[in-house]
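Structure, as structure tokens:
The values are calculated or read from the model by the stated rules, or taken from the named source; none is laboratory data. Since the model is a prediction, treat every value here as computed from it, not as a measurement. When we count neighbours, we look across all protein chains shown, and the Cβ atoms used for this are built from the backbone with ideal geometry, even at glycine. Protein only, heavy atoms only, side chains kept; ligands, DNA and RNA dropped before computing areas. Shrake-Rupley method; radii C 1.70, N 1.55, O 1.52, S 1.80 Å.
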Amino acid sequence: MQRIPIYQIDAFTRKVFGGNPAAVCPLEEWLPEAVMQAIAAENNLAETAFFVPRGREFEIRWFTPEVEVDLCGHATLAAAYVILNELGSPNNYVHFHSQSGLLKVYRKHDYLELDFPSRPPQPAEYPPGLIAGLGAMPQHILRSRDYVCVYETAEEVAALEPRFEELAKLDVLGIIATAPGTDADFVSRFFAPGAGVNEDPVTGSAHSTLIPYWAERLGKQKMFARQISKRGGELFCELHGERVRIGGYAVPYLKGEILLPKSD
């Protein structure tokens with residue numbers, strides 16, 4: 001049998017059973033894409049991250065149960081946690097090469113901070129099915145990789161009961177619902193039924209879009225955000241030129257091995 005290490009890390013939370021669980025599989029070399037997709041489907045988590053060494057740095061890829069994605073925050077945070085805390089790295093940082101370019105993760109105080117690309121959203125038309133899928137009209141609709149639906153209050157975002165079959169028809173990875181917060185600068189929820197994830201508990205990559213939007217709207221560079229899913233998550237945010245900084249805690253839940261038949 002081929003033995004693949006696997007870790008499950010709860011990201012953007014200070015406690016187990018909170019935040020967003022990600023599976024992390026360190027590899028010596030890439031597995032066939034179909035095998036990585038099958039592992040992600042078997043794990044049945046929002047994301048499974050795979051990484052391989054590249055000198056002193058790493059290459060990273062992310063899979064939902066159904067598709068490979070171009071950027072994922074919580075699974076990158078989880079992968080960095082594994083490298084820094086489980087694999088004996090002597091450094092206080094990790095550099096990942098990805099479909100979205102170079103991603104950096106730093107140990108900052110007692111949490112980790114992602115250095116990600118900034119993806120400011122632009123005004124967008126109301127696509128057919130979006131309002132019916134969300135069930136409530138937002139104040140504004142914008143778009144970057146994902147649709148961004150801006151509501152007046154956090155209570156409106158919390159009350160959304162999406163029709164996922166409608167949202168799955170849209171031509172984007174995900175739909176972000178966001179509003180000003182009460183105990184945070186802003187809140188959000190993230191829906192990606194077309195990628196096999198009806199609601200993602202905490203979505204780091206969505207904050208590549210949320211941070212530049214809210215920084216401009218609120219007139220501040222540093223912000224604290226909450227993702228108000230059932231599990232919930234907290235993110236320490238900063239706009240840094242054409243990059244964003246996304247900080248969060250991570251806690252380990254599980255480690256073990258995947259047993260795969262050796263290929264002929």
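Observations on the model:
- Scanning region 241-256 for residues that are among the aliphatic types (A, V, I, L, M) and either out of contact with any strand residue (DSSP E or B) (no Cβ under 9 Å at 6 or more places or on another chain) or farther than 25 Å from Ser100 by Cα (or both) yields Val251, Leu254.
- Identification of strands (runs of 3 or more DSSP E) wholly contained in region 49-142 with 3 or more residues that are open to solvent by less than 20 Å² (accessible area, probe 1.4 Å) yields 57-63, 111-117.
- Scan of region 1-17 for residues that are surrounded by 14 or more Cβ atoms within 10 Å (Cβ to Cβ) and at pLDDT below 95, ordered by number: none
- Condition check for Leu210: open to solvent by less than 20 Å² (accessible area, probe 1.4 Å), under 22 Å from Cys149 (Cα atoms) and in a helix (DSSP H, G or I): yes
- In the set (1) under 19 Å from Tyr213 (Cα atoms); (2) in a strand (DSSP E or B); (3) within 15 Å of the chain's Cα centre (by Cα), Leu173 fails one condition alone, (2).
- Subset tally (residues that are part of a loop (DSSP other than H, G, I, E, B) and of a type in the set (A, V, I, L, M, F, W, C)) for region 9-26: 3
- Enumeration of residues in region 213-241 that are assigned to a strand (DSSP E or B) and more than 27 Å from Val16 (Cα to Cα): Leu239, His240
- Residue that is farthest from Phe236 (Cα to Cα), among those in region 171-188 that are without any contact (Cβ under 8 Å) to a residue 60 or more places away in the chain and open to solvent by 20 Å² or more (accessible area, probe 1.4 Å): Asp171
- Residues (in contact with a strand residue (DSSP E or B) (Cβ under 6 Å, 6 or more places away or on another chain) and of a type in the set (S, T, N, Q)) located in region 123-155: Gln139, Thr153
- Restricting Ala46, Ala41, Ala23 to those that are open to solvent by less than 10 Å² (accessible area, probe 1.4 Å) and in contact (Cβ under 8 Å) with a residue 24 or more places away in the chain reduces the list to Ala23.
- For region 85-99, the set of residues classified as touching a strand residue (DSSP E or B) at 6+ places or on another chain (Cβ under 6 Å) and under 16 Å from Arg145 (Cβ atoms) consists of Ser98 only.
- Scanning region 146-170 for residues that are part of a loop (DSSP other than H, G, I, E, B), open to solvent by 40 Å² or more (accessible area, probe 1.4 Å) and not polar (S, T, N, Q) turns up Glu152, Glu161, Arg163, Ala168, Lys169.
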